[in-house]
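What follows draws every value from the coordinates through simple rules; no lab data is involved. All figures in this text were calculated on a predicted structure; none of them were measured in a lab. Neighbour counts run over all protein chains shown; Cβ positions are idealised from the backbone, glycine included.
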Amino acid sequence: MSPRKLGALAGGIFAVVLAIVAIATMDRAPLGGPGQGSGTAAIGGPFTLTDEAGAKVTEADFLGKPTAIFFGFTFCPDVCPTTLFELSGLIDKLGPEADKLNYAFVSVDWERDGPEELASYTSSFDDRIRGLSGTEDEIETVTKAYRVYYKKVPTDDGEYTIDHTASVYLMDKDGRFVGTLAYGEAQDSMLEKLKRLIEGA
């Protein structure tokens, strides 16, 4: 196996471990509950990013409907395409109800991912998944607000991969955090969470 493939494999394994740690340590409110009450970690907040058309987007653009938001990057070898493929499948299973949710994919790779790259990447999945990019400062702001872990890791070929939180964050219609879809979680469980998120709206 080439050094690049070994690096990508190691990055993918580490991302899965991060997802498990994130779920084990994240303080979450019960899905369908009131959102962020006492004892619940503050996740979410103001941000400014750029969509696939080059337009500026803020957290206010996602209010009014619940949101499923995932952080990754287009060069991701496995976790990101797997997650977006699964999310596309869930959207399909929701049928017409799927339009009652927002879906966002935020790239943490500000050096390589811009509107054009995000548009090309998300076109492989459901067209309702909105790709968002930003400058280093903008990505720092949104990842801190959502308590997303990410770290650039050099690979042997002189390039880099990025280790990152592998969970999909679920926000209610008022922008309050209510839970996650874990990487590798059973599809039936994830589908039930999305249905409850819609019902709670």
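Counting alpha carbon pairs within less than 8 Å and at least 6 residues apart, what relative contact order, in whole percent, applies to segment 92-143?
The value is 40 percent.
Lysines within cross-link reach of residue 195: Cα-Cα under 18 Å, excluding same-chain residues under 8 positions apart?
Reachable lysines: 65, 93, 100, 173.
Cα centroids of segment 158-201 and segment 106-124: how far apart, whole angstrom?
If you average the Cα positions of each part, the centres end up 20 Å apart.
Taking loop as defined by DSSP and a crowding limit of 15 other beta carbons within 10 Å, which GluC sites (Glu not before Pro) in segment 133-201 fit?
159
Taking amide H positions as placed 1.01 Å from N in the peptide plane, with prolines and chain starts having none, which residues 5 or more places from residue 112, or on another chain, fall under 5 Å of its amide H?
none
From the mean inverse distance of alpha carbon pairs (Kirkwood) and the Cα radius of gyration, derive Rg over Rh for segment 111-179.
Rounded to two decimals, Rg/Rh equals 0.99.
List 144, 93 from most exposed to least, where exposure is judged by having the fewest other Cβ atoms within 10 Å.
144, 93
Rounded, prolate or oblate: which one fits segment 43-143, using the alpha carbon gyration tensor with axes a ≥ b ≥ c (rounded when a/c is under 1.5, else prolate when a/b beats b/c, else oblate)?
It is oblate, given that a/c is not under 1.5 and a/b is not larger than b/c.
Provide 50, 161 in ascending order of the number of other Cβ atoms located within 10 Å of each residue's Cβ, fewest first.
Lowest count first: 50, 161.
Using the Karplus equation 6.51 cos²θ - 1.76 cosθ + 1.60 (θ = phi - 60°), what ³J(HN,Hα) coupling, rounded to whole Hz, does each residue of segment 179-189 give in order, writing x for Gly and Pro?
Along segment 179-189, the couplings run x, 9, 9, 7, 5, x, 5, 4, 4, 4, 5 Hz.
Residue 147's amide H: which non-local residues (gap 5+, or another chain) put their own amide H closer than 5 Å, with H modeled 1.01 Å from N in plane and none for Pro or chain starts?
For residue 147, whose amide H was placed from the backbone, the distant partners under 5 Å are 44.
I'd like the Karplus ³J(HN,Hα) series for segment 63-75: coefficients 6.51, -1.76, 1.60, θ = phi - 60°, whole numbers in Hz, and an x wherever there's a Gly or Pro.
6, x, 9, x, 9, 10, 10, 10, 10, x, 6, 6, 8
How large is ³J(HN,Hα), in whole Hz, for each residue of segment 136-153 in order, when computed from phi with the Karplus curve 6.51 cos²θ - 1.76 cosθ + 1.60 and θ = phi - 60°, using x for Gly and Pro?
So the Karplus estimates, Gly and Pro as x, are 4, 5, 5, 5, 4, 5, 6, 6, 5, 4, 9, 6, 8, 8, 8, 8, 6, 10 Hz.
Take the alpha carbon gyration tensor of segment 77-116, find the square roots of its eigenvalues, order them as a ≥ b ≥ c, and report rounded if a/c is under 1.5; if not, report prolate when a/b exceeds b/c, else oblate.
oblate
Please list, in chain and number order, the residues 5+ apart from residue 179 or on another chain whose amide H is under 5 Å from its amide H, with Hs placed from the backbone.
Answer set, sorted by chain and number: 170.
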